[in-house]
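Some notes on the structure that comes next.
Since every read-out is calculated from the coordinates, none of them should be taken as a lab result. What you are looking at is a predicted structure, and each value in this text was computed from that prediction instead of being measured. As a convention, Cβ positions derive from the backbone with ideal geometry for all residues, glycine included, and neighbour counts pool all protein chains shown.
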Amino acid sequence: MIDPSEDGMTEPVVSLRGVRADLGSRPVLRGIDLTVRHGEVVALLGANGSGKSTAVRSVIGQVQTAAGEIRLFGTDRGRFRDWHRVGYVPQRTTAASGVPATVTEVVSSGRLSRARFGVLRKADHAAVRRALDLVGMADRAKDPVDALSGGQHQRVLIARALASEPELLIMDEPMAGVDLASQEVLAHTLREQVSQGATVLLVLHELGPLEPLIDRAVVLRDGCVVHDGPPPKAVGQHALPGHDHVHPHAPAGAEPIRTGLLS
Ligand SMILES: Nc1ncnc2c1ncn2[C@@H]1O[C@H](COP(=O)(O)OP(=O)(O)OP(=O)(O)O)[C@@H](O)[C@H]1O
């Protein structure tokens, strides 16, 4: 029988094997394995400080790893150069504040990885407009990002990631601090991307409105993977719209694997 892992077509889009990372001399990732296959939507869940952001930041090379192997589209991360194939939405910060950039300028910066010699051409400007349209921000194109609400700002960061028309989207808590209207726009945008074949790795605190999109959940605790499989049901139900909290303990009688995964 042919081992599908040896078939180039089924090479995972993201693969981490035994990845360890230390931050400030403290072990934050303690040997994690994570695989995201073509077209999959994988949620990385876990309590505060469990290592979710560190894991995705190690994938895009923002965190140095102490051991293990990371591959992107089958290539060792150290040798990977096709960064236009990857769209990254960082955990929302106040990065925009004080920066006198317009919405279009911010989104255009996400297209530079595709632009030849760093010059945006007609097709690039069209891709930027498409990305703005996708997140419903075309009418704010000329506004300074400083003038936007938190949810609108997040939409702009997502448009920036989409501007390079990436095959892999990595998002760190895209729904955090985002108003309901923007959450719906983001869920819709993500649905569109997924229906067009995008592969998605999402850091989430709770599944929330993205729950129907999630194929698999990987749960971290103290820098280790404690669950890799179907999204934890108990958590999912509580994370549906109308539930803005996650119970620290699963109800009595719940399957052990689902108990307190996020606590
Ligand atoms: N630059 C750093 N230096 C030292 N420790 C760090 C640094 N960045 C993160 N940490 C620590 O590493 C641990 C994991 O952080 P990380 O941000 O990956 O967790 P997380 O699961 O994404 O948490 P959250 O849900 O709060 O974002 C935390 O204890 C955090 O305090």
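What to note about this one:
- Amide hydrogen proximity for residue 89: with H placed 1.01 Å from N in the peptide plane, the residues at 5 or more positions away or on another chain lying under 5 Å are 170, 171, 172.
- Scoring 213-226, 158-171, 34-47, 16-29 by mean Cβ neighbours within 10 Å over their residues and listing the highest first yields 158-171, 34-47, 213-226, 16-29.
- Amide H contacts of residue 68 (H built 1.01 Å from N, in plane; Pro and chain starts excluded): 20 sit under 5 Å, all sequence-distant by 5 or more or on other chains.
- Whole-Å distance, taken between Cα centres, linking the range 104-149 and the range 174-232: 24
- Computed 3J(HN,Hα) for the range 207-218, one whole-Hz value per residue from the Karplus formula 6.51 cos²θ - 1.76 cosθ + 1.60 where θ = phi - 60°, is 6, x, x, 8, 3, x, 8, 7, 7, 8, 10, 10, glycine and proline marked x.
- For residue 23 and residue 215, a Förster radius of 30 Å and the Cβ-Cβ distance give a FRET efficiency of 0.55, rounded to the nearest 0.05.
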